[in-house]
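Please treat every number below as a calculation from the coordinates, not as lab data. Owing to the predicted nature of the structure, the values given are computational and were not obtained by experimental measurement. Quick reminder, even Gly has a Cβ in these numbers, built from the backbone with ideal geometry, and neighbours come from all protein chains shown.
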Amino acid sequence: MRIGLTHTSNPQKYQYYIDWLNREDVEVVRLSVADDNLHDVRNCDALVLSGGVDVHPKFYGSGTGYPGQPEEFNEERDEFEIAAFHEAEETDIPTLGICRGMQLINVIHKGTLISSLTLTGVDHVHKGEPDKTHPVNIETGTVLHEIIGSEQIMINSAHHQAIDKLGEGLLVNARSREGVIEGIERADKSGKSFLLGVQWHPERMFRFELENSPGSRTVRERFFQEIKKSMAKK
């Protein structure tokens, strides 16, 4: 199976994604503006939207000048990954959004973001170096609950933004104790490919001895299952 993985500028963090996806039957295809290979999405069996720098606020109708704003945005990356998501939807392949990737999926669906959790007073719970860890509550009746098999898990956390208004056609499947949205999926699954977004970083939970946690291991296993199911239909 070929999994398209959008590129992040930090080589070490990008390697975490590659290692997390690594299996004998998996080929990871790097997707990026620098590689100019948007067309490769159509040759992939799944798409992973990785973490990284904030989505430019113009894409969700907001402005700059907020606390924790990056020195530079990467609008070319935003536009590339928006286009990659639409390609994945057109070819009906499973998509997984991680951290920024989840936020981007929400923006694509006409949702908005909280530009800085500092403004809400809960940033100390969700952002730190190394990652913070905290529990999240899983909504019953969701695909994520089916995957996790529990109503609460411990996850790692490294974000200073979060979903504000939920995008059209999406469903919240997890929240932190403070009410921060930690996961999303399709509201209507009928006839649509697998779509999951998580605010945490399953690819680097090993750093906190959480690599066998449902938030990492079972998410990856279900993603692979959905890819195989999708491939079998074609």
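Numbers at a glance
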item: In segment 128-144, the residues that are part of a loop (DSSP other than H, G, I, E, B), out of contact with any His (no Cβ under 9 Å at 6 or more places or on another chain) and of a type outside the set (S, T, N, Q); result: 128, 129, 130, 141
item: Top-ranked residue in segment 93-123 [being outside any helix (DSSP H, G or I) and in contact with a His (Cβ under 8 Å, 6 or more places away or on another chain); ranked as surrounded by the fewest Cβ atoms within 10 Å (Cβ to Cβ)]; result: 116
item: Some residue of segment 57-64 being more than 26 Å from residue 123 (Cβ to Cβ) and of a type in the set (A, V, I, L, M, F, W, C); result: no
item: Residue 43 surrounded by fewer than 21 Cβ atoms within 10 Å (Cβ to Cβ), within 29 Å of residue 234 (Cα to Cα) and in contact (Cβ under 8 Å) with a residue 12 or more places away in the chain; result: yes
item: Filtered residue count, segment 166-177, keeping only those that are out of contact with any Pro (no Cβ under 8 Å at 6 or more places or on another chain) and surrounded by 15 or more Cβ atoms within 10 Å (Cβ to Cβ); result: 8
item: Residue identified as closer than 27 Å to residue 126 by Cα and either free of Cβ contacts under 8 Å to residues at least 12 places away in the same chain or not in a loop (DSSP other than H, G, I, E, B) (or both) among 85, 73; result: 85
